[in-house]
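The structure appears right after this line, and notes come after that.
The values are calculated or read from the model by the stated rules, or taken from the named source; none is laboratory data. If you're wondering where the values come from, they're calculated on a predicted model, not measured in any experiment. Glycine also receives a Cβ, built like all others from the backbone with ideal geometry; neighbour counts cover every protein chain displayed. Just so you know, the surface numbers come from the protein's heavy atoms only, side chains and all, with ligands and any DNA or RNA stripped out. Shrake-Rupley method; radii C 1.70, N 1.55, O 1.52, S 1.80 Å.
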Amino acid sequence: MACDGDFRIIAAQTTDTVETAREILDLAPVAADALGRALTGSLLLARLLDKDVKNQYVTLRFEGDGPLGVVIAEGTVRGGARGYVSNRVPVDASLDVGRGIGRGMLTVVRGTPPAGKPYTSQVLLNGCGVAKELTHYMMRSEQIASAVLLGVLDRRDGVAAAGGIVIQAFPHASTTAIDAIEERIKEAPPLSTLIEKMPIEDVVAQVLHGLDYKQIDSSLDVPLSYHCTCTRERALAPLTLFSAGELRDMIKEGGSEVTCQFCGRKYAFTREDLMTLTARHDT
Ligand SMILES: [Zn+2]
């Protein structure tokens, strides 16, 4: 909380989460940068949008015309995130995240499994980078005036720092308070260079120096990690879309293997598994 309750601040240090994503998905620097920002954004939004829901997740799907193709990030309120980049090694090494994603559509899905229908909304992508796209989304779709700061710092041997801060203005926030916060954000050094040097609490203190704020409840802190929720059952789901004939071909070949696009885990399905599926077609 800052400025007499006019603002809420949520911050995340995601260095290990993003480095794990880079390793597992074998991402080029710009892909790690884009996905790292998206993963951090999804974790922050999962916390921000509804803190009373225990199982909430937020999925961000960036579908732009840039060379990275589709970028998907999913974060849960419990602190697990996973993601995917369809073109993980773009040819142009000079790309930044904004051009890498390009213009197109951002789809945000919020859900609370297992019950409840997911809530989906979309905004146009302007090719201006993940933090600005998310700021725009929150204003347009959630009617939350906010500032989103995200950063990923790549070094030769991997991700050296990653994280983000979301500052949300409550509707009663005074103009003076909004001006003060905007001033601090404008002056702030690149977030990732701060995160490399100090704990996230100190990064927040540095960015918001001179403003009165306090941490309201440290029991709300959650550890963050790259965590895939895939299961054998879910991996089998796409195979149910094949026709009986296609399944019979797979059976002839001795089985099938499905690789999870988020974590690379391989699920092997035997002839017998596939025969059970064809039996479903027959009934
Ligand atoms: Zn997986």
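A few points about this structure:
- The alpha-carbon of K117 sits under 16 angstrom from the alpha-carbons of these aspartates and glutamates, leaving out residues fewer than 8 places away in its chain: D50.
- Solvent exposure ordering (accessible area, 1.4 Å, most first) of K197, K266: K197, K266
- Structural descriptor for the chain: relative contact order 21 percent, calculated from alpha carbon pairs under 8 angstrom and at least 6 residues apart.
- The figure for I185 is an accessible area of roughly 40 square angstrom, using a 1.4 Å probe on the protein chains alone.
- Using a Förster distance of 51 Å, the FRET efficiency for Q261-H172 (Cβ separation, nearest 0.05): 0.70
- Förster radius 25 Å - calculated FRET efficiency between E253 and T276 (Cβ-Cβ, nearest 0.05): 0.90
- Share of carbon and sulfur in the accessible area of region 181-283 stands at 53%, probe radius 1.4 Å.
- Sequence of T59, T112, T40 when ordered by accessible area, the most exposed leading, probe 1.4 angstrom: T112, T59, T40
- Candidates R103, R156, R88: whichever shows maximal mean-square fluctuation once the chain is modelled as a Gaussian network with Cα springs under 10 Å: R156
- Relative to the Cα centre, the charge distribution of region 116-259, modelled as +1 at Lys and Arg Cβ and -1 at Asp and Glu Cβ, gives a dipole magnitude of about 340 debye.
- Candidate aspartates and glutamates - alpha carbon under 16 Å from K197, same-chain residues fewer than 8 apart omitted: D16, D154
- Length gained on full extension, A115 to S94, computed as 0.36 nm times the residue gap minus the Cα-Cα distance: 3.2 nm.
- Using a Förster distance of 30 Å, the FRET efficiency for D179-Q122 (Cβ separation, nearest 0.05): 0.45
- In summary, the helical segments of the chain meeting the span-like criteria, namely a full DSSP H run, a Cα extent along the axis of 20 angstrom or more and a mean Kyte-Doolittle hydropathy of at least -1.0, are 29-49.
- Additional length obtainable on full extension of the chain from E233 to Q215, 0.36 nm per residue less Cα span: 2.4 nm
- Solvent-accessible area of K54 with every protein chain in place, 1.4 Å probe, in Å² to the nearest 10: 150
- Selection among G210, V123, P189 by position relative to the dipole of the chain gives V123 as farthest towards the positive end (Cβ unit charges, Cα centre).
- Length-normalised contact order for region 57-118 - Cα pairs under 8 Å, 6+ apart - percent: 43
- Computed magnitude of the charge dipole of the chain (debye, nearest 20; Cβ of K, R +1, Cβ of D, E -1): 620
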